[in-house]
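Peer 1: Got a structure for you, questions after.
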Amino acid sequence: MLVSLLELFLGTAVVALPVWWWTGLTEAAMAALLAALVLAVFLIWKTYRIERWLSQADLHTPLPWTGVWSEIAHRIQRLLRQREKQAAAAEQRLQYFLQAIQASPNGVTLLDAQGRIEWCNSTASSHLGLDARRDLNQHIVHLVRDPIFSKYFALDVHDSDVVMDGRASSLAQTPKLSVQLHAYGEGQLLLLTRDITSVTLADAMRRDFVANVSHEIRTPLTVLSGFVETLQSIPLEDAEKQRYLQLMAVQAERMQSLVADLLTLSQLEGSLPPGLYEKVDLPGLMSRLAADAVALSSVLSGHDGEERGPVHDLVFEPAPRWALLGVQSELLSAMSNLVSNAIRYTPAGGVIRVAWSRTTDGAIFSVSDTGPGISPEHLPRLSERFYRVDRSRSRETGGTGLGLAIAKHVVQRHGGELRIQSEVGKGSTFMLVLPASRIEALTD
Ligand code: ADP
C-alpha cells in the first residue's frame, strides 16, 4: 500500500513540477490531478493483475511485469513454492505410511471417537468383511455383528485381546481372529486383527496328540501291571508263568515300537530337509525289505509259536538301474512301513508286490496287496497320526498307528508325496512318489 502511495506521489510530482515551472500553479494542479488519475488507474490495473496471478493454480508461470511489484510477487511466489513442496513431501510420507500399513499381515482399522470407520487396510477388510470405501463412516459395531465383539467394544478399558470368528472366504474354513482395541489421539481407536487359525489348529493338534499318546501307552501299561499283580499274588505253574511272561513281552514290545515311532517322527520334524548328496543303496535296501517281509509273514502264520515260512506270495521286483538321492535310513523306514502294513493287513494266501518304476517326472516305489482294501471315506485321513480303519487288526499285529504318518513325512521331506489307491474287497496300492531331482542315472 505504502509503495503504491509513494509511486502515486512521485508520479504526480514528476508531471506537476515541470508544468508549474513552465506555466503556472493552476495548470500544475490540473496536470497533477490528471497524472494522479492516470497513475491510480494504472495501479488498480496492476493490483488486479497481481491478484489474478496469485489466484491462478500454477505458480510456476513467469511474472508478467518488472519493478518493485515484481520483486514482491517474486518473494510471494518463492514462499508459495516452498509451501507446495512441503505439502507434497508430507503427502508422500502419508502415502508411504499407508502403504506400509497396507502391507501389514495384520488387520488395521482406524476408528473415530464414536467408533466410526475412518480407514482400514485390505487385511482388515478380509478379516472382518469390510469394504474400505463403502463402509467409511459406518459404526464398526453395526458391521461386525459378533456378540463377543459388541461386548468387548462396550468395555471402558481394552487391556487384552478377544478371540472371535472372522469372515470366511468362500470355501475356506472360518478363520479364528485375535482382536484388540488400542486408544490413540483424541479418543480415537485402533482396531488390530490377527489371523490365529493355524495357531489354534496347532494347539488342538498338540492336545489331541498328547491325549492319543497317553492312551496308547496306558493300554499296554494296564495289561502289564495286571500281569505283574497276578504273578506276585497267585502261585502259578511254570508253564502258566511262561505264558504270562510271553504276553507281558508282547505288551512291552508294543510300547517299545510306539516309543521308537514317536522318536522317528520327532527326529523327522527336527532335522533339516535331506540334501541331494547322499546316494541310497537301492539293491541293499530292497533285499533287506524282502528279508524282513519274509520274516514278518512267517511270524504272522505261527500263532502256535511254530514257524512255517511266509504265508503270503511275496513278489519283489529287481532293484532299479538308477540311483536315488536322499537319506537312506528315512527311506528305509518309509518303505518298510508300507511293506509291513501290506503283510499285516492282507490275509494269508494274498499276494504282495513291491516295485520301483520310472515315470516322466520321477520315480515311484509301490507296494500292492490283495488285502481287504479301504473304503474311500478313510483315504484322506489315513496318514493322520493314530488314525486306524481296522483298530483291532492294527493292535493284534503290533501296529502303532504312526506308520503312514512317518511314510508321508519322509516322502514329503524328499520333495514327493504319498499316494494311496484302494478298492474294498480287491486290495490296496501305497506309493511313494519321488521327483526327478532325486533320481540319478548310474554311469557304469
Ligand atoms: P498301523 O500301525 O495301525 O498300521 P498305519 O499308520 O501304518 O498304522 O496305518 C493306518 C491305518 O491304515 C491302519 O490302521 C489300517 O487300518 C490302514 N491300512 C494301512 N495299510 C493298509 C493296507 N495295506 N491294507 C488295508 N488297510 C491298511
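Peer 1: Roughly what angle does helix 68-103 make with the longest principal axis of the chain, taking Cα atoms, 0 to 90 degrees, to the nearest 10?
Peer 2: 10 degrees
Peer 1: Give me the Debye-computed log₁₀ of I(q)/I(0) at q = 0.13, 0.24, 0.28 Å⁻¹ for the stretch 199-271, equal point scatterers on Cα only, no solvent, two decimals.
Peer 2: The Cα Debye sum returns log10 ratios of -0.54, -1.07, -1.21.
Peer 1: Specify the angular offset, from 0 to 90 degrees and rounded to the nearest 10, of the alpha carbon long axis of helix 238-270 from the longest principal axis of the alpha carbons in the chain.
Peer 2: The two axes meet at around 20 degrees.
Peer 1: Roughly how many Å² of ASP281 are accessible to a 1.4 Å probe, to the nearest 10?
Peer 2: 70 Å²
Peer 1: Pick out which of GLY399, GLY11, GLY185 has the largest mean-square fluctuation in a Gaussian network model of the chain, springs linking Cα atoms closer than 10 Å.
Peer 2: GLY11
Peer 1: Right, another one. Starting from the Cα-Cα distance between ARG321 and ARG93, subtract it from 0.36 nm times their residue separation and give me the gain in nm to one decimal.
Peer 2: Values: separation 228, 0.36 × 228 = 82.08 nm, distance 6.36 nm.
Fully extending the segment from ARG321 to ARG93 adds 75.7 nm.
Peer 1: Count the lysine pairs in the chain whose Cα atoms sit under 30 Å apart, keeping only pairs 8 or more residues apart in sequence or on different chains.
Peer 2: Working: LYS46/LYS85; LYS151/LYS176; LYS176/LYS408; LYS279/LYS408; LYS408/LYS426.
Within the chain, the lysine pair count is 5.
Peer 1: So between LEU155 and GLU186, what do we pick up on full extension, going 0.36 nm a residue minus the alpha carbon distance? Provide the component values of the computation, followed by the final result.
Peer 2: On the way: separation 31, 0.36 × 31 = 11.16 nm, distance 1.77 nm.
The LEU155-GLU186 span can extend by a further 9.4 nm.
Peer 1: Follow-up. Spin-label point model (7 Å from Cα, Cβ direction): what's the LEU17 to SER104 distance in nm?
Peer 2: 7.3 nm
Peer 1: Could you order LYS279, LYS408, LYS426 by accessible surface area, starting with the largest, using a probe radius of 1.4 Å?
Peer 2: LYS426, LYS279, LYS408
Peer 1: How large is ³J(HN,Hα), in whole Hz, for each residue of the stretch 407-417 in order, when computed from phi with the Karplus curve 6.51 cos²θ - 1.76 cosθ + 1.60 and θ = phi - 60°, using x for Gly and Pro?
Peer 2: Coupling constants for the stretch 407-417: 4, 5, 4, 4, 5, 5, 4, 8, x, x, 8 Hz.
Peer 1: Could you tell me the center-to-center distance, by alpha carbons, between the stretch 324-400 and the stretch 203-223 in angstrom?
Peer 2: The stretch 324-400 and the stretch 203-223 have Cα centres separated by 23 Å.
Peer 1: Still on this structure, I have one more. Run a plain Debye calculation on the stretch 104-195 (Cα atoms as equal point scatterers, no solvent) and give log10 I(q)/I(0) at q = 0.18, 0.22 Å⁻¹, rounded to two decimals, same order as the q list.
Peer 2: Values, matching the q order: -0.74, -1.14.
Peer 1: Can I ask one more? Might you work out the accessible area of ASP195 for me, using a 1.4 Å probe with all protein chains in place, and round it to the nearest 10 Å²?
Peer 2: Here the accessible area works out near 80 Å².
Peer 1: Protein chains only, probe 1.4 Å: how do TYR152, TYR387 rank by accessible area, largest first?
Peer 2: From most exposed to least exposed: TYR387, TYR152.
Peer 1: Then there is this: Hey, can you find the accessible area per residue of the chain for me, probe 1.4 Å, expressed in square angstrom?
Peer 2: Numbers: 27110 Å² over 444 residues.
For the chain, the solvent-accessible area averages 61 Å² per residue.
Peer 1: Once R0 is set to 45 Å, what does the formula 1/(1 + (r/R0)^6) return for the Cβ-Cβ distance between LEU272 and ARG83, expressed as a FRET efficiency to the nearest 0.05?
Peer 2: Approximately 0.15, to the nearest 0.05.
Peer 1: What is the percent carbon and sulfur in the accessible area of the chain, measuring with a 1.4 Å probe over the protein chains and ignoring ligands?
Peer 2: Numbers: 16050 of 27110 Å².
Roughly 59 percent of what the probe reaches on the chain is carbon or sulfur.
Peer 1: Once you have the alpha carbon radius of gyration of the chain, what is it after dividing by 2.2 N^0.38 Å, with N set to its residue count?
Peer 2: Details: Rg = 43.9 Å, N = 444, 2.2 N^0.38 = 22.3 Å.
Taking the Cα Rg and dividing by 2.2 N^0.38 Å, one obtains 1.97.
Peer 1: Another question, then. What 222 nm value per residue comes from the helices of the chain, counting each DSSP H run with n ≥ 4 as -39,500 (n - 2.57) and dividing by all residues, nearest 500 deg cm²/dmol? Before the final figure, lay out the partial values.
Peer 2: Values: 12 runs with 232 residues, N = 444.
-18000 deg cm²/dmol, from helical runs alone.
The values are calculated or read from the model by the stated rules, or taken from the named source; none is laboratory data. From a predicted model like this one, the values you see are computed outputs, not experimental measurements. Cβ coordinates were reconstructed from backbone atoms using ideal geometry, including for glycine residues, and neighbour counts include every protein chain displayed. Calculation scope for accessible area: heavy atoms of the full protein, side chains included, ligands and nucleic acids excluded. Shrake-Rupley method; radii C 1.70, N 1.55, O 1.52, S 1.80 Å.
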